[in-house]
Amino acid sequence: MSINTVGIIGSGTMGLGIAQVCAQAGKKVVLVKATPGDIERPRGKFVGSLDKAVERGKMEAALRDTIIANITFTDQEEAVADCDLVVESVIEDIEIKKALFNRLEGICRADAILGTNTSTLSVTAMMAVCQHRDRVAGLHFFNPAPVMSLVEIVHGFETSDATLKALNAFCKEIGKAPVLVQDTTGFIVNRLLTPYMLNAIRMLERGTGTIETIDQAMMTGAGLPMGPFALADYIGLDVVIAMSQNIYEDVREGHHAPPHTLVRLVQLGYLGRKTGKGFYDYSAKPPVGNPALVHPVI
Ligand code: 3HC
């Protein structure tokens, strides 16, 4: 089966990024805002970021226009009825995702593939609420989606070979490098990356180093593009804590539970870049470590 039209449910960072990748590769995209609110907000954000790329000479104006022309923005889930593939990228809440899969089965064609961009939740749990379970799979993109080549194709318990093959071909068509992974909490990347970020936070709490020194050490000593605190802020601390909770829930090993400092930052609404403050304070230029965390919390 070839995939030419893609429905994306959720217009957050990942939903918009996935939409860009697909539209840029010539796919027709229907982007659905999943929560109530003005559709012009995500649309404006999306167009604004493409405009900025054009202004900075990173993108041809013609490509921007093609991308925009290939995407229909809507707040109506029913608009994905004719899509060959629908990818959900809504909040990391299994009950919300299960209810969405249930509704999508009623909306989509019987041969459409239903994918989830979940970071750590069970694809099989979402599949379980569906009648046609063979066409459900994980399709996990990485942030920023237009830049990161990896897509984890997640094999749920009853995902068919035909679905996996179609997704593999689709990923290649949109310029991504897919890997196949079994449905285990966190798949490959987040299962390794989440404990790494949690360990860095515990290192900060022990006073081993500061936010800046730990980040700098991992960049210059391990050759990473960002240190663990910059990365956590970039991903979003609400997402990092959800990943930690989901992995902990699965394995029940204490070192996977969210550290104290992460819990406190999320309680305060300091979610990283998107709120202007997390481990770093982005209102300062250049960003500095959150003053509340300069002295180790424990
Ligand atoms: N959209 C499109 N392009 C972008 C972009 C975006 N949001 N952000 C950066 N870029 C492009 C830039 O235009 C630039 O392109 P060019 O090389 O053609 O000029 C290139 O990416 C590099 O960007 P910058 O020079 O502005 O900045 P950096 O060199 O610092 O790179 C970064 C930024 C790509 C974010 C880099 O720091 C990086 O790779 N960081 C690690 C990101 C990472 O690990 N992501 C995975 C997180 S885990 C995840 O997503 C899973 C989820 O389930 C939680």
Answer from LYS165, LYS172 - the residue that is closer than 30 Å to LYS58 by Cβ and open to solvent by 60 Å² or more (accessible area, probe 1.4 Å)
LYS172
Consider MET203 against the criteria (1) touching a strand residue (DSSP E or B) at 6+ places or on another chain (Cβ under 9 Å); (2) open to solvent by 60 Å² or more (accessible area, probe 1.4 Å); (3) among the hydrophobic types (A, V, I, L, M, F, W, C): it satisfies all of them except one. Which criterion is unmet?
(1)
Does MET148 satisfy being farther than 18 Å from ASN246 by Cβ, among the aliphatic types (A, V, I, L, M), under 21 Å from the mean Cα position of the chain (by Cα) and surrounded by 15 or more Cβ atoms within 10 Å (Cβ to Cβ)?
yes
Do we have ILE71 as in contact with a strand residue (DSSP E or B) (Cβ under 7 Å, 6 or more places away or on another chain) and closer than 22 Å to ILE174 by Cα here?
yes
Return the pair list, or none, for Cβ contacts closer than 6 Å from residues in the range 141-161 that are within 7 Å of the ligand (Cβ to nearest atom) and in a loop (DSSP other than H, G, I, E, B) to residues that are of a type in the set (A, V, I, L, M) and open to solvent by 60 Å² or more (accessible area, probe 1.4 Å), at least 6 apart or on different chains.
PHE142/MET148
Just the residues that are open to solvent by 60 Å² or more (accessible area, probe 1.4 Å), touching a residue at least 24 places away in the same chain (Cβ under 8 Å) and not polar (S, T, N, Q), please, taken from the range 176-195.
LEU180, ILE188, ARG191
Given (1) under 18 Å from GLY175 (Cα atoms); (2) surrounded by fewer than 23 Cβ atoms within 10 Å (Cβ to Cβ); (3) touching a helix residue (DSSP H, G or I) at 6+ places or on another chain (Cβ under 9 Å), identify the lone condition not met by ASN4.
(3)
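The values are calculated or read from the model by the stated rules, or taken from the named source; none is laboratory data. Being a predicted model, the structure only gives us computed values, none of them experimental. Please note: Cβ atoms are built from the backbone with ideal geometry, for glycine as well, and neighbour counts cover all protein chains shown. Each accessible area value is taken on the protein alone, full model and side chains, heavy atoms only, with ligands, DNA and RNA left out. Shrake-Rupley method; radii C 1.70, N 1.55, O 1.52, S 1.80 Å.
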